[in-house]
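Worksheet: one structure, shown below.
The values are calculated or read from the model by the stated rules, or taken from the named source; none is laboratory data. Since the model is a prediction, treat every value here as computed from it, not as a measurement. Cβ placement follows ideal geometry from the backbone for every residue including glycine, while neighbour counts extend to all protein chains displayed.
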Amino acid sequence: MINNQRDLILVNELKRMLDDIAQEVGLTRNYLGNEALDDRVMEAIRQVPRHEFVPEYLRSLAYCNGPVPIGLGQTISQPYIVALMTDLLNTKPSDVILEVGTGSGYQAAILSKLVAQVYTVEIIGHLAKAAKKRLHRLGYDNVVVLSGNGYYGWPEHAPYDGIIVTAAAPHITQPLLGQLRVGAQLVIPVGLPYSCQELIVLEKNADNKIGRRAVLGVSFVPLTGMHNNNPR
C-alpha cells in the first residue's frame, strides 16, 4: 500500500528504472542474444530498495539508470549492468554464489533474492563494515560479508555455483576459476582501469576447460589487491 507522497515517488522511480533496464536490454539484444532478462532477476530488482544502498545525499539519483558514487572511489553499478550480470550467472534457488567487490551491498542483496547463500568479499574495510550492517538491517540474512582481498576469492566455501566480480581486472583471475564449480559461470569485467573493458562470461566445463564469451563493452572501477601476496 502506498502510504504517502514519498512512497508514491519511490514507486514511480522504481517503475522508471525497470522500464530503463528493459529498454537497454532491447537496445543491446544483439550482443546479449536475448530479448529480455529472466523474470526472476527483474523481480529481484523490483524488490530490493536501491535507495537504501546509496548515500543519503545522493538518493535522488538512486533509481537513475547510471552508476552512483558511494565514497572511497567506488560506485554502485548502473541498474542495467547489475541486472545483466545477475542474469548471466543463470542462478538456481539452491545455488551458493561468491561476489567479489561488495561495495554498498546492492548486488549481494539482489542475489540473495535468487539463491540460497551469498558470500561477498570487499577489500575496503569501511565499505565491508557498512555493507554488513546495512544488509543485516534490511533483513538479507543469507549474505555473509568478508573484509578481505577478493582477488583470492573465499576458498573456505568453494566450489561456488557462480562467481560475480564487480570491478574490472586486467586479466582473468585464476584463483576464482579454481573455486568455480563445473558447469558454473564466472561473470567478470576485464580490461585496463578507465579504459576499454569487456564483460566476460567464463564457464568451467566437465574436462576443466574454460569456455569464454565476451558480452559487451563496460566501464568499471578497477579491481584492487591483485598484487598482494596475503589473501586476507
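Values computed for the structure shown
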read-out: Selection within segment 133-147 - of a type in the set (A, V, I, L, M, F, W, C) and under 10 Å from Q117 (Cβ atoms); value: V143, V144
read-out: Every residue from segment 36-92 that is of a type in the set (F, W, Y) and closer than 20 Å to Q185 by Cβ; value: Y80
read-out: Residues satisfying the stated conditions in segment 148-178, i.e. small (G, A, S) and either within 23 Å of V48 (Cα to Cα) or under 15 Å from the mean Cα position of the chain (by Cα) (or both); value: G150, G153, G162, A167, A168, A169
read-out: Filtered residues of segment 58-74 (kept if more than 18 Å from L216 (Cβ to Cβ) and touching a Phe, Trp or Tyr at 6+ places or on another chain (Cβ under 9 Å)); value: A62, V68, I70
read-out: Close pairs from segment 46-59: first farther than 14 Å from D7 by Cα, partner modelled with pLDDT of 95 or more and of a type in the set (S, T, N, Q), Cβ under 8 Å, at least 6 apart; value: F53/S104; V54/S104
read-out: H136, sole failed condition from (1) under 13 Å from the mean Cα position of the chain (by Cα); (2) more than 21 Å from P222 (Cβ to Cβ); value: (1)
read-out: Residue that is modelled with the highest pLDDT [pool: residues in segment 198-231 that are in contact with a Phe, Trp or Tyr (Cβ under 6 Å, 6 or more places away or on another chain) and not in a strand (DSSP E or B)]; value: G225
read-out: Selection within segment 133-148 - crowded, with 21+ Cβ neighbours inside 10 Å and over 17 Å from I45 (Cα atoms); value: V145
read-out: Test: residue in segment 93-111 that is free of Cβ contacts under 8 Å to residues at least 60 places away in the same chain and acidic (D, E); value: no
read-out: Residue satisfying condition, being part of a loop (DSSP other than H, G, I, E, B), of a type in the set (A, V, I, L, M) and either closer than 18 Å to R213 by Cβ or over 17 Å from the mean Cα position of the chain (by Cα) (or both), within set L37, L84, L58; value: L37
